[in-house]
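**Q** Can you read through this structure? Questions will come right after.
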């Protein structure tokens, strides 16, 4: 067998947990278990086990720093107890004063992305240019190639979006199929109008 | 105020509103290039010139501009119009319902994001650019130490001093030319500036000209030039006086 010998016992789990702690404190974006394993020169299963240890140490209520799984990786953030103090010192430029138009556009990109400006305009019924530019500047969405048919630039949400909204990934967004009744109402009303016109 | 005579100055069109409408109706002006907001602004500016609100003009304008807007909107979605026109009323209603439902879902999603932002408002975390990835080292092939020494020797050599001698301007004293002009004028009453300058450098010519101006200031000479770039003629002042006397006496 050519499995590296170091995995047997020379590096106990709590030692690996310290390394992971160090990597996460230096990182400015969430790190995946694979990235942590690469940097720590260890394997992913052991990194995940060690993340459990680190998470136990840095959990809400126990420490001012909290380990969380967010945006497809692991990252430290400030505890909620410290939020007020943080808000006195730090700005939140990415999410401050998000307009209704920007939020709707963000929702469309998050649920249907990657999608282009024409796609967004089709759903919202108005041009999406300024909302898209605004979200790009805030770093909440980013370019993601071009559409195959018309070649329009398509957009997707960024890891920053997931982090700000506290999402482990985009699949953590709630399903929207549940709001069905209102759709049927609209449909019935339109059918009634159509019948009147054909009569 | 007559709406049809409203003067417009737009990127795509310049002239009266009336002509614009004619061109649009004849398909000679593409509505897609037309800034309708610009027309509204022009109308509002004109409206502001009058003290009383001209309701008749406003009404007429509203009708015309909404017709223009509808034409433009249709022009912007040609495929969609055809697509929807082909649909039966039931299908069109179905399509419209689908779109409205989709928009409503997105509005709900936006509301969820808004609520989420409020509930997660106390999240603070480090924001910054992604840390630098380790640079890939590109090892050099084995090198000859003598070549390195040669290059270093070449770089260590003191560069040759660059001579600036040709840049220095040496100005001869003005007095030298004052004396020279006075000497020449003592022998001849009239001289030609250019013919005196033939063997001089540019800088000397400039100083000579300064000397000439100095003589003129002292009233020792008069200077004449028939036209720009024509020869400059210098005469001794006392000679001129004799001339004028001769002329008058003749």
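**Q** Can you work out the FRET efficiency for the pair residue A:92 and residue A:44, with r the C-beta to C-beta distance and R0 = 35 Å, to the nearest 0.05?
**A** 0.60
**Q** If you don't mind, another one. Classify the stretch A:1-157 as rounded, prolate or oblate, taking a ≥ b ≥ c as the square roots of the eigenvalues of its Cα gyration tensor: rounded when a/c is under 1.5, otherwise prolate if a/b is larger than b/c and oblate if not.
**A** oblate
**Q** Is the shape of the protein assembly as shown best called rounded, prolate or oblate, per the rule: a/c under 1.5 gives rounded, else a/b larger than b/c gives prolate, else oblate, with a ≥ b ≥ c the square roots of the Cα gyration tensor eigenvalues?
**A** Cα axes put the protein assembly as shown in the oblate bin.
**Q** Could you check the simple spin-label distance between residue B:161 and residue B:202, using points 7 Å along Cα→Cβ, in nm with one decimal?
**A** Going from the residue B:161 label point to the residue B:202 one covers 2.7 nm.
**Q** Here's another thing I want to ask about it. Kindly identify the stretch B:144-188 as rounded, prolate or oblate by the Cα gyration tensor criterion: order the square roots of the eigenvalues as a ≥ b ≥ c, call it rounded if a/c is under 1.5, otherwise compare a/b with b/c, prolate if a/b is larger, else oblate.
**A** prolate
**Q** Could you work out the relative contact order of the stretch A:100-172, using alpha carbon pairs under 8 angstrom and six or more residues apart, expressed as a whole percent?
**A** Taking the mean separation of contacting Cα pairs over the length of the stretch A:100-172, I get 32 percent.
**Q** Can you list the equivalent-ellipsoid semi-axes of chain B, largest first and in whole Å, using the square root of 5 times each Cα gyration tensor eigenvalue?
**A** That gives 83, 50, 20 Å for the three semi-axes.
**Q** Using Stokes-Einstein with the Kirkwood hydrodynamic radius over Cα pairs, what translational diffusion coefficient do you get for the stretch B:3-85 at 25 °C and a viscosity of 0.890 mPa s, in µm²/s rounded to a whole number?
**A** 179 µm²/s
**Q** Where does each of A:87, A:79, A:171 land when they are ranked from fewest to most other beta-carbon atoms within 10 angstrom?
**A** A:171, A:87, A:79
**Q** Consider just the alpha-carbon atoms of the stretch A:5-80 and return their Rg together with their Dmax, both in angstrom.
**A** 12.0, 42
**Q** When the Cα centres of the stretch A:83-161 and the stretch B:137-175 are compared, how far apart do they sit, in Å?
**A** 56 Å
**Q** What nm distance separates the two modelled labels at residue A:143 and residue A:60, each placed 7 Å from Cα along Cα→Cβ?
**A** 3.9 nm
**Q** What's the angle, to the nearest 10 degrees (0 to 90), between helix B:237-249's Cα axis and the longest principal axis of chain B?
**A** That helix lies at roughly 90 degrees to the long axis.
**Q** In nm, to one decimal, how far is the residue B:127 label point from the residue B:179 one, both placed 7 Å along Cα→Cβ?
**A** About 8.2 nm, to one decimal.
Taken together, the values in this text are just the output of simple stated rules run on the coordinates, not laboratory data. Values in this document were obtained by computation on a predicted structure and should not be read as measured data. Glycine gets a Cβ as well: all are built from the backbone with ideal geometry, and neighbour counts include every protein chain shown.
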